[in-house]
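**Q** The structure follows.
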Amino acid sequence: MKKVAIIGAGTMGNGIAHVFAQNGFEVNLIDISQTSLDSGIATISKNLDRMVLKEKITEADKATTLRNIHTHTDIEKGVEDVALVVEAATENLELKLKIFKQIDAVCDPTAILATNTSSISITQIAAATNRPDKVIGMHFMNPVPIMKLVEIIRGYSTSDETTETIMQLSKTLGKTPTEVNDYPGFVANRILMPMINEAIETLYNNVAGVAEIDTVMKLGMAHPMGPLQLADFIGLDVCLSILNVMYDGFKNPKYAPCPLLVNMVTAGKLGVKSGEGFYDYSASRKAEQVAEQFA
């Protein structure tokens, strides 16, 4: 498995492409927007520059990594001859089902189809294909080049062979894969999102301010980033989407999104990517700079 396709050139997609390319894989990075592809490649180049400055890689390594990435706006052409597809499109069920139906029809029958979804059912996505045994979740953490964890999510029909292949592949990328089963939120977000939601409830109920809540969690619980800042970094719209998936899946009111979160997303205050969330980023560091604190 030396040729892969990544669908989606956004934050997660370009990060996943970066990691594969840096580890010697030939990568087809696919997006319907050439502008998004150009932006994704620019982000990868900036992140590689940062690694060169920190002497983690050489200029030659950077050049090789960029040469390993090929961009496509035609999804069918981009996936036709690859051994693995990793879908990293928007966290929207209908969109993912459409993508998986399309790529299933043109990919080699032996190809594995993975999704970077952070909450949507792998089993439901797999049911849109004729190869449910070869569909699996491959949930990378943001920022992808830095964070070590990959949640490997088995759908109801995912085979042992597919799971073992992806577990070993993740290790070749320098990641630590952790196998989990297919339930809403998996492990990472089933635990993380209620904590973030409770932090928002704490703010909503005027127990404490934004900085105070984050300070308690950073200094008292040894978290590298407070939950409200982390929510900004993830994207408040993404947090809301995940909580809605969990609420719909479990029918448990403890997963119901806080009204403050709903209102902020409705108002377009999505965190770092919109310039404002719980913190104001309009005159400060952008997402790729915020990521430096993890390095």
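Bear in mind that the values in this text are calculations on the coordinates, not laboratory data. From a predicted model like this one, the values you see are computed outputs, not experimental measurements. Positions of Cβ are backbone-derived with ideal geometry, glycine not excepted, and every protein chain shown enters the neighbour counts.
**Q** Under 9 Å from the Cβ of Val82, count the other residues' Cβ atoms, weight Lys and Arg +1, Asp and Glu -1, and hand me the total.
**A** -3
**Q** With each label point set 7 Å from Cα along the Cα-Cβ vector, what nm distance links Met167 and Gln34?
**A** Going by the 7 Å Cα→Cβ label model, 4.4 nm.
**Q** Would you mind putting 236-242, 262-268 in packing order, based on average other-beta-carbon counts within 10 Å, highest first?
**A** By packing density, highest mean first, the sequence is 236-242, 262-268.
**Q** Given Lys77/Lys171; Lys101/Lys251; Lys77/Lys98; Lys3/Lys46, which pairs have Cα atoms separated by over 20 Å?
**A** Exceeds cut-off: Lys77/Lys171; Lys101/Lys251; Lys3/Lys46.
**Q** Okay, next question. Using every pair of alpha-carbon atoms in the chain, split the distances into 5 Å bins beginning at 0 and state the percent of pairs per bin, rounded to integers.
**A** So the P(r) values, bin by bin, are 1, 6, 12, 16, 18, 17, 14, 10, 5, 2, 0, 0.
**Q** A further question on this structure: Of the listed peptides 50-62, 9-21, 177-189, what is their order by residue-averaged count of other C-beta atoms within 10 Å, with the highest listed first?
**A** Going from most to least packed, we get 9-21, 177-189, 50-62.
**Q** Give me the net charge of Lys254's neighbourhood, meaning all other residues with Cβ under 12 Å from the Cβ of Lys254; Lys, Arg count +1, Asp, Glu -1.
**A** Here the charged neighbours net out to 0.
**Q** Taking R0 as 35 Å, what FRET efficiency do you get between Asn244 and Leu149 from their Cβ-Cβ distance, rounded to the nearest 0.05? Numbers along the way, then the final one.
**A** Values: r = 24 Å, r/R0 = 0.67.
The formula returns an efficiency of 0.90 here.
**Q** Also, quick follow-up: Local charge sum around Pro184 (other residues, Cβ-Cβ under 14 Å, Lys/Arg +1, Asp/Glu -1)?
**A** For residues surrounding Pro184, the net value is -1.
**Q** May I pose another question? At q = 0.15 Å⁻¹, what is the base-10 log of I(q)/I(0) for region 86-218 according to the Debye formula with one equal point scatterer per Cα and no solvent? Please give it to two decimals.
**A** Log-scaled intensity ratios, in q order: -0.74.
**Q** For the pair Asp160 and Met195, what calculated FRET efficiency results from E = 1/(1 + (r/R0)^6), where r is the Cβ-Cβ distance and R0 = 22 Å, to the nearest 0.05?
**A** My answer for the efficiency is 0.10.
**Q** Let me ask another. Run lengths n ≥ 4 of DSSP H only: what is the helix-derived mean residue ellipticity at 222 nm for the chain, with -39500 (n - 2.57) per run over all residues, to the nearest 500? Provide the component values of the computation, followed by the final result.
**A** Values: 13 runs with 136 residues, N = 295.
Result for the chain: -13500 deg cm²/dmol, rounded to the nearest 500.
**Q** Which angle from 0 to 90°, rounded to the nearest 10, does the C-alpha axis of helix 160-172 make with the longest principal axis of the chain?
**A** That works out to roughly 80 degrees.
**Q** Would you give the gap between the C-alpha center of region 228-282 and the C-alpha center of region 13-54, rounded to a whole Å?
**A** 27
**Q** Karplus couplings for region 119-130 from phi (6.51 cos²θ - 1.76 cosθ + 1.60, θ = phi - 60°), rounded to Hz, Gly and Pro as x?
**A** 7, 6, 4, 5, 4, 5, 5, 4, 5, 7, 10, 9
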